[in-house]
Amino acid sequence: MGTVTLGVSLAVPEPHGSFLQERRAGFGDTAAYGIPTHVTLVPPTEVAAEAVPAIERHLAEVAATGRPFPMRLSGTGTFRPLSPVVYVRVAAGADACTWLQKQVRDASGPIARELQFPYHPHVTIAHGIAEEAMDEAYEALKEFEASWTCTGFALYEQGPDGVWRKLRDFPFGREG
């Protein structure tokens, strides 16, 4: 049946999501329009296609135990030189994101995986582009602020064209 590449994330709502996506593209990040603006819970993970229903059941169970929480983005940060990424910082909601990603990646669950780096919730605004453009992204959004109530997360699949498409939303506090 083959494999699929999945990811789990918290969407950055409008108008902030489109604004940050357009800025990311403007800095020269060619992947920007194929990646909805988000905070990652599970990075791109290849799984057997037949595992998707079990993954969806697991995510529904995790979401059922979750509760809405305040999210606030504020300012910029970078993972350079370790990784060529500039991001907007999660100033409020980081603890909830950390708890969620642990539940989703639970070692006994169907989407268990090790991470390449320690988990650090953030919103990528530049990845793998010229150093000058990374510096520009860092400076241009250092005063950026956005707040909202996070009410759930979503499962995404990366298509053969590299574009990430939402498969399903998982609102907090509900089963199914």
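Looking at this structure, is E50 within 16 Å of the chain's Cα centre (by Cα), exposed (fewer than 15 other Cβ atoms within 10 Å of the Cβ) and modelled with pLDDT of 95 or more?
So E50 fails the test.
Just to verify a result, which residue in the stretch 1-20, among those that are touching a Ser or Thr at 6+ places or on another chain (Cβ under 6 Å) and buried (at least 20 other Cβ atoms within 10 Å of the Cβ), is nearest to V163 (Cα to Cα)?
That would be L6.
For a quick check of your reading: which strands (runs of 3 or more DSSP E) sit entirely within the stretch 111-167 and have at least 1 residues that are over 27 Å from L82 (Cβ atoms), modelled with pLDDT of 95 or more and in contact with an Asp or Glu (Cβ under 6 Å, 6 or more places away or on another chain)?
Strands (runs of 3 or more DSSP E) meeting the threshold: 152-158.
Tell me, yes or no, whether the stretch 27-35 has at least one residue that is surrounded by fewer than 20 Cβ atoms within 10 Å (Cβ to Cβ), farther than 18 Å from A130 by Cα and of a type in the set (V, I, T).
Checked the stretch 27-35: at least one residue is surrounded by fewer than 20 Cβ atoms within 10 Å (Cβ to Cβ), farther than 18 Å from A130 by Cα and of a type in the set (V, I, T).
Does R23 satisfy being surrounded by 15 or more Cβ atoms within 10 Å (Cβ to Cβ), among the charged types (D, E, K, R) and more than 21 Å from D169 (Cα to Cα)?
Criteria met by R23.
Would you pick out the residues in the stretch 107-157 that are of a type in the set (F, W, Y) and crowded, with 18+ Cβ neighbours inside 10 Å?
Passing the criteria: Y138, F144, F153, Y156.
Go through the stretch 27-69 and report how many residues are part of a strand (DSSP E or B), within 30 Å of E136 (Cβ to Cβ) and touching a helix residue (DSSP H, G or I) at 6+ places or on another chain (Cβ under 9 Å).
Within the stretch 27-69, residues that are part of a strand (DSSP E or B), within 30 Å of E136 (Cβ to Cβ) and touching a helix residue (DSSP H, G or I) at 6+ places or on another chain (Cβ under 9 Å) number 5.
The values are calculated or read from the model by the stated rules, or taken from the named source; none is laboratory data. Since the model is a prediction, treat every value here as computed from it, not as a measurement. As a convention, Cβ positions derive from the backbone with ideal geometry for all residues, glycine included, and neighbour counts pool all protein chains shown.
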